[in-house]
1. Out of the residues in the stretch 1-55 that are basic (Lys, Arg) and over 21 Å from the mean Cα position of the chain (by Cα), state the one that is surrounded by the fewest Cβ atoms within 10 Å (Cβ to Cβ).
2. Filter the stretch 76-102 down to the residues that are small (Gly, Ala, Ser) and within 21 Å of residue 283 (Cα to Cα), then identify the one that is surrounded by the fewest Cβ atoms within 10 Å (Cβ to Cβ).
3. Go through (1) open to solvent by 20 Å² or more (accessible area, probe 1.4 Å); (2) within 16 Å of the ligand (Cβ to nearest atom); (3) among the hydrophobic types (A, V, I, L, M, F, W, C); (4) in contact (Cβ under 8 Å) with a residue 40 or more places away in the chain one by one and return the number of the condition residue 105 breaks.
4. Return the residues of the stretch 36-47 that are modelled with pLDDT of 95 or more and within 13 Å of the ligand (Cβ to nearest atom); say none if nothing qualifies.
5. Looking at the structure I just gave you, is residue 154 more than 16 Å from the ligand (Cβ to nearest atom) and in contact with a helix residue (DSSP H, G or I) (Cβ under 8 Å, 6 or more places away or on another chain)?
6. Show the residue pairs meeting these rules: Cβ distance below 7 Å; 6+ apart or different chains; first residue within the stretch 124-149 and on the phi > 0 side of the Ramachandran plot; second residue assigned to a loop (DSSP other than H, G, I, E, B).
7. Answer yes or no: is there a residue in the stretch 192-205 that is in contact with a strand residue (DSSP E or B) (Cβ under 8 Å, 6 or more places away or on another chain) and away from the ligand (no atom under 12 Å from the Cβ).
Amino acid sequence: MLTFNFHSPEEELKAPLFQEKDIQVFIKRDDMIHPYISGNKWRKLKYSLQEAQSTGKSTLVTFGGAWSNHLLATAAAAAKFGFKSYGFVRGEAVDNAVLSLCKIFGMQLIFVDRTAYKDKELLFDRQFGRDNQAFFIDEGGFGPLAAKGVSELMDELENNYQHIFCACGTGTTLAGLLQGLTSNSTTQIHGIPVLKAGSFIYEEVKALGIDPEGVILHTEYHFGGYAKTKPELIDFVKEFSQNTGILIEPTYTGKLFYGVYDLIKQDYFKPKSKILLIHSGGLTGLLGMLDKF
Ligand SMILES: *Cc1c(COP(=O)(O)O)cnc(C)c1O
């Protein structure tokens, strides 16, 4: 079994706003799972790595943009568990802090232009089709094995929540939370897409074989699109981190927390509600945005 002991506590956040609205807000600290195999990325990789190992594969091959948390998580996990790793990186060859970290963990980077990047199966087949040691992991870790890994988060919870929120990129994390709900649960699952036109997430959840019925997507907190920010979001990230001692970043968790705070201000939640926010990690994303602070 490929696993390690990690610590992801549920912490209650205190703020005058929550007191005023008579609600309780908790954070699931998945950012504490590992500094680089961070947050949802460990949960999403776990069963793929187990499958790679049990089928005798020695090499993980995956895909991501130049600041991808998933690439870095795969590189670090490969190093930790004794795999080689290759990362197809979208776009022209660049150097940046996250890609350097990938290289330090031994990942070999292959830059491909945006058109070629669209067909990941073809890229894999061309380069690794004859290599029976190579194991394909989709961009962002997307897939049913990843959702299964995330579903285990729900078993760890110590409190009963009326609402659980996560940020959505591919929708796999959201799908996993839904999968982990017990059948008689009254918990409402919410997603905050970090991309524009985020209702595509419903289709992605379906594609993972999970019924998205009942899930609520809040599609208005993307701030212009993936990795786009606005001064208001940057200010929020600073203020939140200063007030709580918990670091967040603008690409995922900043949008998630901003959205939930906004909903609280709008009296979206009934008094006495208990709300859980998943801190899905990804703090190395900050390294590409330091100039904004
Ligand atoms: C990758 C990532 C997400 C997106 O997760 P999906 O399962 O692709 O929706 C959310 N938060 C952080 C910090 C991430 O790195």
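1. Quick first cut of the stretch 1-55, residues basic (Lys, Arg) only: 14, 21, 28-29, 41, 43-44, 46.
When the remaining residues are screened for being over 21 Å from the mean Cα position of the chain (by Cα), the result is 14, 21.
Values: 14: 12, 21: 19.
Only one residue tops the list, namely 14.
2. So in the stretch 76-102, the residues small (Gly, Ala, Ser) come out as 76-79, 82, 85, 87, 91, 93, 97, 100.
Now narrow it down to the ones that are within 21 Å of residue 283 (Cα to Cα): 76-79, 87, 97, 100.
Values: 76: 25, 77: 25, 78: 27, 79: 18, 87: 25, 97: 15, 100: 12.
Going through the qualifying residues, I end up with 100.
3. Failing condition for residue 105: (2).
4. To start, the set of residues in the stretch 36-47 that are modelled with pLDDT of 95 or more comprises 36-37, 40-47.
Those that are modelled with pLDDT of 95 or more and within 13 Å of the ligand (Cβ to nearest atom): 36, 37, 40, 41, 42, 43, 44, 45.
5. Details: more than 16 Å from the ligand (Cβ to nearest atom): no; in contact with a helix residue (DSSP H, G or I) (Cβ under 8 Å, 6 or more places away or on another chain): yes.
Spelling it out, it is not the case that residue 154 is more than 16 Å from the ligand (Cβ to nearest atom) and in contact with a helix residue (DSSP H, G or I) (Cβ under 8 Å, 6 or more places away or on another chain).
6. 140/169; 140/170
7. Yes, the stretch 192-205 has at least one match.
Results for (1) polar (S, T, N, Q); (2) at pLDDT 95 or above; (3) closer than 30 Å to residue 16 by Cα, shown as yes or no for each residue.
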site: 180; (1), (2), (3): no, yes, no
site: 191; (1), (2), (3): no, yes, yes
site: 209; (1), (2), (3): no, yes, no
site: 214; (1), (2), (3): no, no, no
site: 253; (1), (2), (3): yes, yes, yes
site: 267; (1), (2), (3): no, yes, yes
site: 275; (1), (2), (3): no, yes, yes
site: 282; (1), (2), (3): no, yes, yes
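The values are calculated or read from the model by the stated rules, or taken from the named source; none is laboratory data. Remember, it's a predicted structure, so these values are computed and weren't measured experimentally. So basically every Cβ, Gly included, is an ideal-geometry build from the backbone, and we count neighbours across all protein chains shown. What goes into the accessible areas is simple: the full protein's heavy atoms, side chains included, and nothing from ligands, DNA or RNA. Shrake-Rupley method; radii C 1.70, N 1.55, O 1.52, S 1.80 Å.
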